[in-house]
Structures are given as C-alpha cells and as structure tokens.
Amino acid sequence: MKKILLLTLAFLPGFLFAQSALQQLEQMAGQSIHDVYVPPVPDPTPVDVDEDDQPQQSTHLKDYTPAQEQEETKPAAQPAQPKPKTAEEMWQEHLEQERKRQNEVNNILNESWHKYKEDQDKEQVLIRNCYERFIETQPTVRPVPQFSSVGERNIVFDNPKSMQELRDWGPFYLRDDNDTLFRADYIRYVQHGYTGLHSSTVRFLGMRLANGRVEWRMFKEDWDYSNTNPHGDLTAYKEKKSLDTNTKIKSKDIWDVKMAAEGKVFLLEMKNGNTVVIRPNGDFLCEGRNISFHGQIDGMVFVECDGKLYCSGAPLYADPILTGDEFTYYGTRTIIVQNHDENNQPYYRLATYGGKCYDFQKHEWTRTGKHDQYSYLQCFRNDGDHFIAKPKGKDYYVILAYWGGLYKGQKKYKTLEEAHAAWPQEKNYIANKRNKHPGQSAKLK
C-alpha cells in the first residue's frame, strides 16, 4: 500500500503539468479542441498515368521480397475429383467403343470386297479384249506341251485331312455343316496366277471310298463373310454341287479330275463316259468324248472337242471357233478342216486358229466367204511349206505358200502333177512378189 502511494505521488506532478498545458492552448485558441470542424474526405479521382513514368518491375534477385517469392510458389488449387463411373456407364462406353471398332472393320471389309469384285470384272474385260483381238487377226500359236505339269498341283496326303487341317490350302467350307465324315485324300488345283489372265478359283478335294473309287467335291473361291480379320485372307473355297454355268454337271457324277495344257483347263471324267472341260475359274467350256489340244497363245488354249474347236479365253456361251468332221493342223497357224456336203462328198477349208477361212476368189481371209471350199487341199513340205488346192466346182489347181503371209501362185494347172512340177518356179515367183509387193498377201477381212 505504501508502494502504490509512493508511485502516485511520483507521477502526479507530471499529470498536473500536462493538464495545465492543454488548458493554456485552449485559452490561446479561444475554443476547445473538441469544437474543431473536420471536413469529410472526397472520393479519389482517377488520374491517367504515363506508362513511361511507371516503375519497371525488377527481375533482379535482390529486388524480390519474401512475400513475392511466397506468392509465386503458392501451389495451384487442385480440381475437384470426378465421380467414379457407374457400372452402367462403363458398359455403355464399352458398347460404343465396340460399335466404332466394328464400323471400322466393316468399312475395311466392304472396301476390300468392292476391290475384289472390281478386279474380277477387270479380268473378265481383259479376257474378252484379248480374245477379240486374237480372233480378228491371223494368229500364230505355240504348241501345247504334252507332258508338262507346270502350274498343276496334284497332292496326295499320307493321312486324310479334315476341313480344319486343310486351312493351309483353303479355308474350305462344306455345303452341309453336318458332313463331318468327309476327309480329303487328294487335292487338285492350279497354281494361283500361273495361267495369266484367268483366275484359278476352283479346287477339287477327293476322298477314297471302300469300293476303290474316289468321291470328289468341287469348291469355288468366294467371299468369306465369316472372316472378321480385315487384314487377313478374305476369300474361302465353298463347296459347289454343280457348275454355275452348267447346272447339268453335278459334283456327284465326277469320277476323276485331271488338268491339261499346264493347268489352263480341268478335265472332269464323268460316270457317263464323257469328259467335261472347264476353265480354271470353274466356267464350263465343252463336253465330249474326243478331247485334244493343239495350240496356245497368251494364256489361252485351243481345245478340239468332237469336231469343234474352242478357245479357253472365249466369253461365256461363245460358239465354237470352227466346226468340222476332221481337223488337220499344219504348223502353228493353219488348219485344214474337212466337212461333207449333202451328197456325203468331202470338201475342205483352209482356216486359221482365229476361225477365218481363205477365199480363193477374193484372195482374202474371211468368215463369210462364198469361195472358201476345195475339193482337194493338201499341204506339202518339200523345200518349203506350200499348199496345192483345187477350188470346189473348178477344174484347175493353184499353189499357195506362206512367206510372212499367204501368197497365191501366178498360174493355174490342169493336173496335180503339173502343179507339183511347177513348184520351184512358183516358189521364186512368190518370193519375188513378196519382196516387191508385200501387201499382196491374203488380207484379213
């Protein structure tokens, strides 16, 4: 208590002195300090500031304050975490992705299918154009190899193969899915692309039976709609019960399958004894009992079948190139065709593989000639190939010879012996005529 009293006495003179000074100031001003009026502060007025007068922000390390550094390193606000997807949303998203993928696959498959059909159509156009060009010329063919197996694939399996095991050669699809007992012991087909323009789109499978014969199944290349890999092989071989272009030819009637002319045609030996000739793409060409091959050109082969000459490159359902009772082939360009008239008398025509015959009156190769029949026509090869011909209804002989084209001799001869004897002179005449007047050979029409 004494200490408090002592402190109060110590500060009391100062307090009294301060109060006395304030009273003196009020008397000097003539009023109290609480009576002074202070005006309100007005709103600030915006002032245009010159950019040049603005202080530049310093980039020096010493000009940064800890407050600036702390503000710049402040981490950004984290976005709100999305809500987890429900099972239904995830399933719908999966379905959408699957639809997009399937659409892409379908687009690729459709594009490949259109290209496949376009290539087939182009090939048919090429075949037709090649055949038409050939048919309008005086062609020279090449002999057909009699024992060559180039392009032909004849495979015998040690153990029978199921359809699944044949996928390296196929895939093959049986027409009846329940036919699970079929096992292939043989496969016959033409090496793909070997025959030039013709697509090798037909194959044959054979299964040995208990009675010793072979049951054959015929398959043709088709679009494989079950294939889901757009970058794989999009074709397959599907069983055909009959030929598309001749439904009378049934697969069940085939007793043997062979290939000929280096795989340019298939020979189907039927149970009725006939032989059916089809192209490598499975199209029907002809049917008969006497089949032979005598020439080929540009992937096409000429087939003589029971007195008719066909070309494997002809369009579907085309007529035979030549028709006759007998064909005799000379060299690689000329055919002597023998026929019989209404009196059963033989007459002959000199023809080309293109089906045009020689008209002696016009000295032209033509399809509609009225003077293309001969009662005698024979080829001789002594000292150069030449023909001695006697026009039908005439009593003279003429000499014809090839010197790049077919030329006619200058004279007519009453007997065959005279014509034979005159050959050396006619040979010189034709050779000089060819050198001086090459355009006087038999023309095409």
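The values are calculated or read from the model by the stated rules, or taken from the named source; none is laboratory data. The structure presented is a predicted model; accordingly, all values stated were derived computationally and were not measured. Don't worry about glycine lacking a Cβ; one is built from the backbone with ideal geometry, like all the others, and counts go over all protein chains shown.
Of all residues in the stretch 294-318, those being surrounded by fewer than 17 Cβ atoms within 10 Å (Cβ to Cβ) and more than 29 Å from the chain's Cα centre (by Cα) number 2.
Conditions (1) without any contact (Cβ under 8 Å) to a residue 12 or more places away in the chain; (2) touching a Pro at 6+ places or on another chain (Cβ under 6 Å); (3) within 24 Å of Phe302 (Cα to Cα), marked per residue:
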position: Val337; (1), (2), (3): no, no, yes
position: Leu350; (1), (2), (3): no, no, yes
position: Tyr353; (1), (2), (3): no, yes, yes
position: Phe360; (1), (2), (3): no, yes, no
position: Asp372; (1), (2), (3): no, no, yes
position: Cys379; (1), (2), (3): no, no, yes
position: Tyr396; (1), (2), (3): no, no, no
position: Gln410; (1), (2), (3): no, no, no
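The residues of the stretch 220-244 that are in contact with a strand residue (DSSP E or B) (Cβ under 7 Å, 6 or more places away or on another chain), closer than 22 Å to Lys115 by Cα and free of Cβ contacts under 8 Å to residues at least 60 places away in the same chain, listed by number, are Glu221, Asp222, Asp224. Within the stretch 268-277, at least one residue is small (Gly, Ala, Ser), part of a loop (DSSP other than H, G, I, E, B) and modelled with pLDDT of 95 or more. Taking the criterion of being under 22 Å from Val190 (Cβ atoms) and without any contact (Cβ under 8 Å) to a residue 40 or more places away in the chain, the residues of the stretch 154-176 that qualify are Ile155, Val156, Phe157, Lys161, Met163, Glu165, Leu166, Arg167, Asp168, Trp169. Scan the stretch 192-208 and tell me whether some residue there is modelled with pLDDT of 90 or more and surrounded by fewer than 12 Cβ atoms within 10 Å (Cβ to Cβ). No: zero hits. Within the stretch 305-354, the residues that satisfy the criterion of being assigned to a strand (DSSP E or B), of a type outside the set (Phe, Trp, Tyr) and over 23 Å from Pro143 (Cα atoms) are Asn339, His340, Pro346. Could we say that Lys370 is in a loop (DSSP other than H, G, I, E, B), among the charged types (D, E, K, R) and over 24 Å from Pro346 (Cα atoms) here? So Lys370 does not fit the description; no.
In the condition set (1) closer than 18 Å to Val277 by Cα; (2) buried (at least 16 other Cβ atoms within 10 Å of the Cβ); (3) over 16 Å from the mean Cα position of the chain (by Cα), Asp185 is compliant with all but (1).
Annotation: of all residues in the stretch 224-248 being closer than 15 Å to Arg203 by Cα and in contact with a Ser or Thr (Cβ under 9 Å, 6 or more places away or on another chain), the one that is surrounded by the fewest Cβ atoms within 10 Å (Cβ to Cβ) is Lys241.
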